[in-house]
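Inspection log for the structure reproduced underneath, given as structure tokens.
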């Protein structure tokens with residue numbers, strides 16, 4: 001059978017076979033119970049997140065919807081200081097979806113979970129009529145444990161703090177856009193989708209009390225993330241255009257398409273507000289990690305009332321605000 005059928009979501013034999021033959025072996029699920037029973041032998045608080053992935057196209061330079069779903073959920077837990085442990089994965093499949101594509105996505109999910117050292121413990125599968133979906137949508141939930149003493153919050157931001165970004169910006173959004181519209185760039189722009197829990201765990205282990213807050217700048221990009229932090233903290237954030245790491249092909253693509261890379265989605269970097277006295281040490285630790293080699297200090301926090309200001313290359317100042325809509329829809 002090379003296509004998804006409505007019967008694969010019916011709860012009957014086809015669905016049972018789909019789960020037993022394709023899904024359960026890939027994720028090493030021991031049984032098909034209604035709920036997973038898990039043990040949390042840890043002290044500290046629990047973090048829980050959920051997300052849905054509707055990216056189009058589902059395969060793009062540097063990744064696919066399956067890998068993205070795992071890494072995105074892992075990173076949502078990591079940036080609040082949690083160690084990700086368990087994930088659930090739910091599929092909404094359109095009738096007629098190629099089984100070969102589904103198998104490819106399952107393998108991406110399995111591989112990404114192993115790399116992030118998390119366990120998929122439960123899931124769900126539904127099939128909708130042909131024309132009622134768009135191939136495949138994925139929903140995830142994640143559980144992690146926040147160690148004692150870790151407390152990240154925008155309310156801890158202070159004037160004088162530094163703004164750190166862990167890598168170059170705009171790669172994921174431009175990679176998806178290029179694949180969607182048949183554009184090619186040289187060198188090609190690849191999505192930055194990757195798990196950040198190992199890197200963030202090392203930072204928190206060494207600098208727990210000097211990290212104010214972390215966020216992953218996905219939809220809305222770095223500008224929207226910083227604006228949210230400015231509003232929540234009641235401080236102004238000043239960033240410097242000449243300090244922001246952006247690959248030349250991403251700059252060129254954004255100029256060509258008339259979009260601002262500061263608002264383009266990322267899937268493998270984080271923004272952190274850190275104590276000024278430890279900023280350089282934190283930066284060096286980030287840069288020593290394979291996923292942080294392009295990290296940079298891009299700005300600082302000032303007293304104010306929630307503004308984000310960009311110091312431009314030509315010496316001017318531009319105010320950054322939230323966009324009323326999305327520059328690039330369906331990028332995650």
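Read the figures in this text as sums done on the coordinates, not as results from a lab. Given the structure is predicted, the values throughout are model-derived calculations rather than measurements. Here the Cβ is made from the backbone with ideal geometry for all residues, glycine too, and neighbour counts use every protein chain on show.
Here the Gaussian network model covers the chain, with springs between Cα atoms less than 10 Å apart; of 190, 77, 68, 190 fluctuates the most.
In terms of its C-alpha gyration tensor, the stretch 154-320 has an oblate overall shape, because the principal axis ratio a/c (a ≥ b ≥ c, square roots of the eigenvalues) is not below 1.5 and a/b does not outweigh b/c. Extending 7 Å from Cα along the Cβ direction at residue 256 and again at residue 232 yields two label points whose distance is 3.6 nm. Each of 73, 312 has some number of other Cβ atoms within 10 Å of its Cβ, and from fewest to most they run 312, 73.
Annotation for residue 289 and residue 40: the two label points, set 7 Å from Cα along the Cα-Cβ direction, are 2.3 nm apart. Taking the C-alpha atoms only, the angle from helix 171-181 to the longest principal axis of the chain is near 50 degrees. Under a Gaussian network description of the chain, with springs only between Cα atoms under 10 Å, the residue in 191, 153, 56 that fluctuates furthest is 153. With each label modelled as a point 7 angstrom along the Cα→C-beta vector, the residue 56-residue 22 pair spans 2.1 nm. DSSP finds beta bridges in the stretch 6-146, and of those with both partners inside it, around 70 percent are antiparallel. Summed over qualifying helices (DSSP H, 4 residues or more, each -39500 (n - 2.57)) and divided by its residue number, the chain shows a 222 nm mean residue ellipticity of -8500 deg cm²/dmol. Round to the nearest 0.05 the FRET efficiency obtained for residue 107 and residue 243 when R0 = 41 Å and r is the Cβ-Cβ distance. According to the calculation, E is roughly 0.60. When only alpha carbons are used to place a centre, the stretch 177-219 and the stretch 48-98 end up 14 Å from one another.
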